[in-house]
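Participant: Starting off with a structure, shown below.
The values are calculated or read from the model by the stated rules, or taken from the named source; none is laboratory data. Bear in mind that the values here come from a model prediction, so they are computed numbers and not experimental data. With ideal geometry, Cβ positions are generated from the backbone for all residues, glycine too; neighbour counts draw on all protein chains shown. These accessible areas exclude ligands, DNA and RNA; they are computed on the full protein's heavy atoms, side chains included. Shrake-Rupley method; radii C 1.70, N 1.55, O 1.52, S 1.80 Å.
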Amino acid sequence: MTPRAVESASTPLRQILHVSDVHFGKPHLKEVSEGVLALIAQHPPDLVVISGDLTQRAKPGQFKEARAFVDRIDVPSLSVPGNHDVPMYRVWERVGAPFWAYRRYFAKDMEPTFQDSQMAVIGINTAFNWTIRDGRVTRSGQRSLERRLAAVPADLTKIVVAHHQLIPAPRFDSQKVLKNASEVVKVLNRGGAEMVLSGHLHQSWIGSTEAYYPSGSRPVLLVHSGTTTSSRGRGCERRRNTCNWIRLRDSEIEISNLAWDASDQRFFEQSRHLYPRRDQETYTLKAS
Ligand SMILES: [Fe+2]
Ligand SMILES: [Fe+2]
């Protein structure tokens, strides 16, 4: 990516690099994770978000590799677990202590929060041990999210990070969405969340809550990253690697979808998307 692709006319309030499904283990692509670190070094964002599936098989060695990768990021970062961070085949571990390796070798806190003078980024854990693929937010998880959103000062941008998707994505109609998704959307709306950053599908796309759960509320943006550093791309991103560069501005959120160029060994901007801020009066088009 050229510097021009990241910097634009006015200085953003905050910039976030959103990567996902890094899948340390067999499918991990070392040269691409080096490319992510090079991008961060060249254009340091205010925060790097990793929206789950740190590993392929939740093995201690894979979590250690994921930790070493995150430790090389010289700006703040926030990570949440995905379904691949729960053991699939080690059944007793999966039943009795599904997150022991994550907590011991990667991070104790599976629902971290990042907050500064502009934004609060709230991580939630949607992975659990009863299923190898799907996600959920329990009733107590919803109450916890509601409390955490309510505790954020009203003038900060509220962003939630969750591994699983809240609405069906193109080409993934048959795949279940996050269990209790419609209840979670109500919590997001009540709490004033502006955006959710997710992964899991290994295909990047952007949707909104109003497209699937229309309530007349301001839409919450649902931003997905593909698999940023693994060979597991799906849908229209088979064998491809993507991530999102997000700029928060006073009047808009600007999202650049970045894709890995293997011949150039760097990320390039393949599309750019603009959305009005939640508090902007752009909801109704006015005659000019
Ligand atoms: Fe994944
Ligand atoms: Fe996943």
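Participant: Please state which one of Lys59, Lys64 is of a type outside the set (A, V, I, L, M, F, W, C), open to solvent by 10 Å² or more (accessible area, probe 1.4 Å), over 20 Å from the mean Cα position of the chain (by Cα) and within 16 Å of ligand 1 (Cβ to nearest atom).
Facilitator: Lys59
Participant: Looking at the range 29-39, can you tell me whether even one residue there is of a type in the set (Asp, Glu), within 16 Å of ligand 1 (Cβ to nearest atom) and in a helix (DSSP H, G or I)? Lay out the reasoning, then the answer.
Facilitator: Within the range 29-39, the first condition is being of a type in the set (Asp, Glu), and the residues that meet it are 31, 34.
Right, trim to within 16 Å of ligand 1 (Cβ to nearest atom) and you get none.
So far as the range 29-39 goes, no, none of its residues is of a type in the set (Asp, Glu), within 16 Å of ligand 1 (Cβ to nearest atom) and in a helix (DSSP H, G or I).
Participant: So, in the range 202-228, exactly how many residues are away from ligand 2 (no atom under 14 Å from the Cβ), part of a loop (DSSP other than H, G, I, E, B) and open to solvent by less than 10 Å² (accessible area, probe 1.4 Å)?
Facilitator: Total satisfying the criteria: 1.
Participant: Identify all residues within the range 168-201 that are open to solvent by less than 10 Å² (accessible area, probe 1.4 Å), in contact with a strand residue (DSSP E or B) (Cβ under 8 Å, 6 or more places away or on another chain) and within 16 Å of ligand 2 (Cβ to nearest atom); write none if there are none.
Facilitator: Ala169, Leu178, Val196, Leu197, Ser198, Gly199, Leu201, listed by residue number.
Participant: Return only the number of the condition from (1) open to solvent by less than 40 Å² (accessible area, probe 1.4 Å); (2) within 14 Å of ligand 2 (Cβ to nearest atom); (3) in contact with a Lys or Arg (Cβ under 8 Å, 6 or more places away or on another chain); (4) of a type outside the set (D, E, K, R) that Met88 does not satisfy.
Facilitator: (1)
Participant: On to the next question. Residue by residue through the range 138-154, note down the ones that are in contact with a Lys or Arg (Cβ under 9 Å, 6 or more places away or on another chain) and open to solvent by 70 Å² or more (accessible area, probe 1.4 Å).
Facilitator: The answer is Ala150, and nothing else.
Participant: Could I ask something else about it? Which one of Val48, Val80, Val86 is of a type outside the set (S, T, N, Q), modelled with pLDDT under 95 and either within 16 Å of ligand 1 (Cβ to nearest atom) or closer than 15 Å to Ile16 by Cβ (or both)?
Facilitator: The unique qualifying residue is Val86.
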